[in-house]
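Below is one structure, written out as structure tokens; the observations come after it.
The values are calculated or read from the model by the stated rules, or taken from the named source; none is laboratory data. These numbers come from a predicted model, not from an experiment. Note that each Cβ is placed from the backbone with ideal geometry, even for glycine, and that neighbours are counted across all protein chains shown. For the accessible areas, the whole protein counts, side chains as well, though only heavy atoms, and no ligand, DNA or RNA atoms are used. Shrake-Rupley method; radii C 1.70, N 1.55, O 1.52, S 1.80 Å.
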Amino acid sequence: MLQNELEYIRLLRERLEGTLPPEELEDILSDYREHFSVGKEKGRSEQELFVSLGAPDTVAREIKATHFIRKAENTHSWGNILRAVMATLGLGLFNLVFVVVPFIFLLVMLAFVFLVGVLFTALGPAAFIISVLQILGFWSLNLWLSPVAGIFFSTGITAVGLLLVIGDFYLARFFYHIGIRYLKWNIAVITGTEVEP
Amino acid sequence: MLCIQGDAMNIQFKKGVLEICVLSVLAHKDCYGYELVNEISKRIDIAEGTIYPLLRRLKDEGFVTTYLQESAEGPPRKYYRLTESGRKEEHELKDEWTRFTTSVNALLLGKNDAAE
């Protein structure tokens, strides 16, 4: 492999193109071009500079991880946090345990709460209607102690259902923020750089 | 996080202090990219290329601003300068570092006493 400026820039671009917006990519690459340019002014060879900068793979991964973390901070979306998680994984395989497992567990838990909430929100009004029909005499099947108890019961179920669904959204948002901070902590430990909350 | 053995542990230490090192150097004077990288790599052996994304982030967070300045030896260079909030951050991190290293040193020295 030819260890010169063109090659270094080419390798960085290869790893970052399509992942970073073109304007940001060019801005980042210009930093490295300037590094080579000034280094050469000081009398160093391109190969020496290539080596001292560090493997393009390593550098590119760190650029990516930083980019996605900040993107997830600024725009809340599941796509962004997923990309941030993947980029963080790219930095260290042992993160698989500390990042992916909690993440999956969280998704499952949120989904479960949501489903239970939806179920209750659907059954509650149904039970309410049945209770009303019982009171009015149109329904003879005895599903609970008394139709009045049924009214309270169904109202309660509906309320709990709505609480679960609404609470789930707040929970999801809360864990999104926690997740971002956790990812940043991971990045900070792995790359040794801090991303401010 | 998991503890990593030997050299890898050393790398984690170095990386952990990179931000405070960058802010400290800039607290003394504005630097252009290469100059800053050179200053740091004189003391710490790291992949120099990883400093640029860090600088970029510090700029995003408002701790650092950049400006171009003409150079006698070639094309204009991008200079990094610490902002007010950057100076505050540098103070805070330096305090934290001092407190941390003082505690660790006390522990290490205490341990040596016991060994004798």
Can you name the residue in the range B:47-61 that is open to solvent by 30 Å² or more (accessible area, probe 1.4 Å) and not acidic (Asp, Glu) and is also farthest from the other protein chains (Cβ to nearest Cβ) among such residues?
B:Lys59
Complete set of residues in the range A:43-61 that are more than 8 Å from chain B (Cβ to nearest Cβ), hydrophobic (A, V, I, L, M, F, W, C) and open to solvent by less than 60 Å² (accessible area, probe 1.4 Å):
A:Leu49, A:Phe50, A:Ala60
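Per-residue answers, yes or no, for (1) polar (S, T, N, Q); (2) at pLDDT below 95; (3) in a helix (DSSP H, G or I):
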site	(1), (2), (3)
A:Gln3	yes, yes, no
A:Glu7	no, no, yes
A:Arg10	no, no, yes
A:Leu25	no, no, yes
A:Ser30	yes, no, yes
A:Glu34	no, no, yes
A:Phe50	no, no, yes
Just give me the residues in the range A:62-79 being more than 10 Å from chain B (Cβ to nearest Cβ) and open to solvent by less than 10 Å² (accessible area, probe 1.4 Å), in sequence order.
A:Ala72
Check the range B:64-75 and report whether any residue there is touching a Ser or Thr at 6+ places or on another chain (Cβ under 7 Å), modelled with pLDDT of 90 or more, more than 8 Å from chain A (Cβ to nearest Cβ) and farther than 23 Å from A:Ala60 by Cβ.
yes
Of all residues in the range B:23-35, how many are more than 9 Å from chain A (Cβ to nearest Cβ) and either assigned to a helix (DSSP H, G or I) or in contact with a helix residue (DSSP H, G or I) (Cβ under 7 Å, 6 or more places away or on another chain) (or both)?
7
A careful count of residues in the range B:36-45 that are modelled with pLDDT under 95 and at the interface with another protein chain (Cβ under 8 Å from one of its Cβ atoms) gives 1
